[in-house]
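The values are calculated or read from the model by the stated rules, or taken from the named source; none is laboratory data. Computed from a predicted model, the values in this text were never measured in an experiment. Glycine also receives a Cβ, built like all others from the backbone with ideal geometry; neighbour counts cover every protein chain displayed. To get the accessible areas, we keep the full protein, side chains included, count just its heavy atoms, and leave off ligands, DNA and RNA. Shrake-Rupley method; radii C 1.70, N 1.55, O 1.52, S 1.80 Å.
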Amino acid sequence: MYDVTTSNTTPPNSSPSPYSPDTIYPSKHGYKPYAFNTSLTPSSTVSTVDHGYNASKGILAQPLHAWVCAENYWRGEKNKDDAVRLSGTFPMLYDYHGHIFDYRLGDGEAEPFTIIHPFESTIPLNNPFWSHALKEVIEDMNEKGWVPDPKVPDDVKGMDEFPDDEDVYNAALYMLSCMSGPDVDYDVDKYIESCNVGWRMMDVGWLGILGRSGVALREIEVIGKENNIEMGGKGVEDVMDSWLSLTTSLINSLYDPSTSSFRSKVITNKGTTTADVGVASDFYALAGWYSGVRGSSYYIEDGKVDKGMRDGMVMKLLNDGDLTEGSFR
């Protein structure tokens with residue numbers, strides 16, 4: 001899973017080729033409209049695959065990893081061997097969550113954000129949401145006369161996920177191009193300062209997934225301790241609990257009482273605006289919020305996981321009517 005995260009989402013063993021001949025772009029047989037061929041460079045002026053809009057190594061994966069690892073454990077035999085394997089994922093998962101809080105969310109004091117590029121989002125690129133969310137980037141791109149080089153092939157434009165508004169896709173490439181440029185080189189602070197109006201977003205769906213995965217990370221730590229595996233001690237537990245507390249607070253801050261829903265916030269160097277378009281992935285906020293508020297106290301008690309309470313927690317609460325507008329507000 002970690003290898004895939006850093007491999008530029010290239011589909012393995014694909015036949016026919018997932019790329020258009022002699023271009024960086026995917027073909028009609030391709031995986032996604034943003035799975036670029038890193039063996040080629042986008043123009044003769046670029047000397048390595050580390051730069052240009054096919055260099056997407058700065059894109060951060062959605063934080064599903066801990067949630068997936070924990071679910072795999074609960075759906076398995078849940079024996080000692082399973083616990084040992086699960087615990088082996090903990091250091092990487094803990095470091096990954098630490099990276100998110102260090103470089104994206106901070107301590108919640110400065111303007112926090114979850115994503116710096118639409119490819120990181122839970123929202124598909126063909127959702128009309130992006131025409132609104134990327135409005136300032138598109139304006140900046142058009143003012144500067146930036147166009148993709150080489151141009152986007154028809155194969156890519158025919159993909160299901162390709163947006164109706166081609167400016168959205170071009171803006172995504174424009175952002176990657178600046179992000180990977182030698183003056184920025186994937187440094188988030190430099191990216192915000194120098195690139196395309198400093199676009200970033202507090203993505204409701206992404207934050208909800210982080211909240212649910214934060215509880216899963218705590219589960220993994222508890223399962224390891226239950227099996228007499230060293231997991232880092234109280235200092236690590238306190239850090240994870242502080243992450244959950246901050247995530248829950250941030251999700252709360254995105255609740256819009258005028259629409260009775262959670263809404264993402266778009267942040268640029270010109271200011272912050274609340275997204276005026278709701279999307280399906282906004283509902284991830286329910287899993288993230290309720291897990292964060294009730295997670296540790298709800299089914300992690302006295303250092304043990306209550307397996308019965310934990311199984312299907314959110315669905316049980318929904319079915320029982322415990323998740324109401326008042327409760328999650």
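Numbers below:
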quantity	calculated
Cβ-Cβ FRET estimate between ASP149 and SER261, R0 fixed at 41 Å, reported to 0.05	0.55
Accessible area per residue in Å² at 1.4 Å probe, computed on segment 82-181	44
Listed residue pairs exceeding 20 Å between alpha carbons, taken from LYS157/LYS190; LYS78/LYS225; LYS144/LYS270; LYS190/LYS270; LYS135/LYS265	LYS157/LYS190
Three-way shape label, segment 88-132, alpha-carbon gyration tensor, a/c 1.5	oblate
Order by protection proxy (mean Cβ within 10 Å, highest first), peptides 207-213, 194-200, 150-156	207-213, 194-200, 150-156
Chain lengthening between VAL188 and GLU111 when straightened (0.36 nm per residue, less Cα-Cα)	26.4 nm
Accessible-area composition of segment 106-250, carbon plus sulfur, in percent [1.4 Å probe]	44
Formal net charge of residues neighbouring ASP140 (Cβ-Cβ distance under 12 Å; K, R +1; D, E -1)	-1
Average accessible area per residue (Å²) across segment 192-286 - probe 1.4 Å, nucleic acids and ligands excluded	37
Nonlocal amide H pairs with GLY181, under 5 Å, H built at 1.01 Å	GLY52, TYR186
Cβ-Cβ FRET estimate between SER245 and ASN142, R0 fixed at 45 Å, reported to 0.05	0.60
